[in-house]
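Notes for the one structure printed next.
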Amino acid sequence: MFYGREEQRKRLSDMINAQGQVVSLIYGRRRVGKSELIKQVLRESTVDSIYYECKQTTEQNNVDSLAELIAEKYNFPKPSFKCMEELLRFLFKKSEQEPLVIVLDEYPYLRENLQGADSIIQTIIDGNKDTSNVKLILCGSYVDTMKALLSKQNPLYGRVDVTIDLKPMDYYESSLFYEGFSEDKVRLYSVFGGIPYYNRLIDGCKTVRDNIITLIASVGARLENEVTMYLNSEISKITNANEVFEALARGFSRYKDILDQSYVSSGPTLVDILDKLIRMEVVKKEAPINDEGNKKKAGYFVSDNLSLFYYKYIFRNISRMNVMDSEVFYDKYIAKDFEAYHVPKCFEDICRQYLVRLNRKGKTDEIFEKIGKYYYDDPINKRNGEFDIVTLDDKGYIFYEAKFRKEKISEAMIKEEIAQVQSTGLDCYRYGFISRSGFDCDTAENRILINLDELYKRL
């Protein structure tokens, strides 16, 4: 089964079925599902295609491997090409007779070993634009390298017709991998996030606890080294990344606090590593929606759930895990904090994503233009803080509270939350509450009440 990615599938399908020559660039972090997306669209298409995954080897080795695919495709003896340029020119010429999709997956590998690769492809594209019917797809996991192909300094600038920056799936699309679960969908997403490869490994016949133990919280688990392998492939000085992740996993989000709590050598070094992690899309920087320009109030947060889980529970306890029974280890070092703090915090993120889904579909009463944290400063009571989910539309602010607890949200809880919001000076015209266990309260015009089941309905 192939889940989700409906918008991206349509864009790729339209590109493949378009008239004339079209060039597409697809990039995104490792394991995000780029190759599977392309393969699925090719399976659904009637247009001839050649899919080639570039290798970290010489140009000639890549040429020979691709030539074998050409021979299989056209049912003739393996052709001999002196270089990649000659091979690609052959395919572009071949497309004049019948449309052809050419996929160069992991293009950065080819680029490493083919001097002037971008320039060669640009020359072929320009030379055949009026006659070829090639749909060329360049795909890669090294996001910085792929984005550089779009820069003005690159020979391919202005030649790319379709660009897809493939992001991790949201909570809803991720849940399609484990539809048999109910509220445990929240728990699973809090660990495995929106990466299809991770979600595909979840066993629907096991509990959340057993899936976590089997996949990441035991010696030799399938994903035990996944986070460190990914970081090592992108970052030269992994020690600094480990320090930053540990500080973030312990709840420190402000720049100064991260610098104080970690052993990163200097401020510039910390800036460099944070910027790199943000470009890798495993860390995000957020500022309150009511003070977006204030750098002091901006915070850094781990945006990849598996990385957050790993650094919160596994990385710091790796020596213990190596000498303990996996179930004992889980119960002692993970279970309590996971249920009391980790999952409820992730539930807030899921609720934000749900509101964005509604907003994009035009199904909110008022279309909002901002969603995020709201910072408040109360000098009278000498306190400050943030509300985690607040939206801003033409009418003003709506405050939301997400509760992942066994008890229903009562009238007393709602009144207490509203009073707290009003005491900070946040002027809301409505108050929203999202509950795992439902409600035992009055309905009112200025209240929005949302049950957990609503989050997982198809819009």
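The values are calculated or read from the model by the stated rules, or taken from the named source; none is laboratory data. These numbers were taken from a predicted model, which means no experiment stands behind them. Glycine gets a Cβ as well: all are built from the backbone with ideal geometry, and neighbour counts include every protein chain shown. What goes into the accessible areas is simple: the full protein's heavy atoms, side chains included, and nothing from ligands, DNA or RNA. Shrake-Rupley method; radii C 1.70, N 1.55, O 1.52, S 1.80 Å.
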So which residues in segment 146-168 are hydrophobic (A, V, I, L, M, F, W, C) and either open to solvent by 10 Å² or more (accessible area, probe 1.4 Å) or out of contact with any Leu (no Cβ under 9 Å at 6 or more places or on another chain) (or both), if there are any at all? ALA148, LEU150, VAL160, VAL162
When you scan segment 362-373, do you find a residue that is open to solvent by 30 Å² or more (accessible area, probe 1.4 Å), in a helix (DSSP H, G or I) and at pLDDT 95 or above, even just one? no
How many of the residues making up segment 204-237 are basic (Lys, Arg) and within 22 Å of the chain's Cα centre (by Cα)? 1
Residue hits (segment 69-101; open to solvent by 20 Å² or more (accessible area, probe 1.4 Å), under 25 Å from ARG111 (Cβ atoms), in a loop (DSSP other than H, G, I, E, B) and touching a residue at least 24 places away in the same chain (Cβ under 8 Å)) are CYS83
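Every residue in segment 102-127 that is open to solvent by less than 20 Å² (accessible area, probe 1.4 Å) and either assigned to a strand (DSSP E or B) or over 18 Å from LYS147 (Cα atoms) (or both), please.
ILE102, VAL103, LEU104, ASP105, LEU114, ILE124, ILE125
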Would you check if there is a residue in segment 194-214 being surrounded by fewer than 17 Cβ atoms within 10 Å (Cβ to Cβ) and of a type in the set (Lys, Arg)? yes
How many of the residues making up segment 24-43 are closer than 21 Å to LYS147 by Cβ and out of contact with any Gly (no Cβ under 6 Å at 6 or more places or on another chain)? 12
Counting only residues that are farther than 29 Å from ALA217 by Cα and not in a loop (DSSP other than H, G, I, E, B), which one in segment 276-316 is modelled with the highest pLDDT? GLU286
Is there a residue being in contact (Cβ under 8 Å) with a residue 60 or more places away in the chain, in contact with a Phe, Trp or Tyr (Cβ under 7 Å, 6 or more places away or on another chain) and crowded, with 16+ Cβ neighbours inside 10 Å anywhere in segment 272-287? yes
Can you tell me which residues in segment 251-275 are among the small types (Gly, Ala, Ser) and either in a helix (DSSP H, G or I) or in contact with a Pro (Cβ under 8 Å, 6 or more places away or on another chain) (or both)? GLY267
Taking the stated definitions as given, is VAL143 open to solvent by less than 50 Å² (accessible area, probe 1.4 Å), under 23 Å from the mean Cα position of the chain (by Cα), modelled with pLDDT under 95 and β-branched (Val, Ile, Thr)? yes
Return the residues of segment 3-45 that are open to solvent by less than 50 Å² (accessible area, probe 1.4 Å), assigned to a loop (DSSP other than H, G, I, E, B) and of a type outside the set (Ser, Thr, Tyr); say none if nothing qualifies. GLY4, ARG5, ALA18, GLY20, GLN21, GLY28, ARG29, VAL32, GLY33
Exactly one condition in (1) farther than 23 Å from GLY362 by Cα; (2) in a helix (DSSP H, G or I) is not met by GLU454; state its number. (1)
Answer from ARG383, ARG405, ARG447 - the residue that is open to solvent by 80 Å² or more (accessible area, probe 1.4 Å) and under 33 Å from the mean Cα position of the chain (by Cα): ARG405
VAL219 - would you say it is without any contact (Cβ under 8 Å) to a residue 60 or more places away in the chain and either open to solvent by 70 Å² or more (accessible area, probe 1.4 Å) or touching a Ser or Thr at 6+ places or on another chain (Cβ under 9 Å) (or both)? no
Working only within segment 233-250, note down all residues that are more than 13 Å from SER307 (Cβ to Cβ) and not in a helix (DSSP H, G or I). SER236, LYS237, ARG250
Single residue of segment 242-271 satisfying the filter (under 23 Å from the mean Cα position of the chain (by Cα) and of a type in the set (S, T, N, Q)) that is nearest to PHE338 (Cα to Cα): SER253
Residues of segment 46-62 being open to solvent by 70 Å² or more (accessible area, probe 1.4 Å) and under 12 Å from TYR107 (Cα atoms), in sequence order, are GLU53, LYS55, GLN56
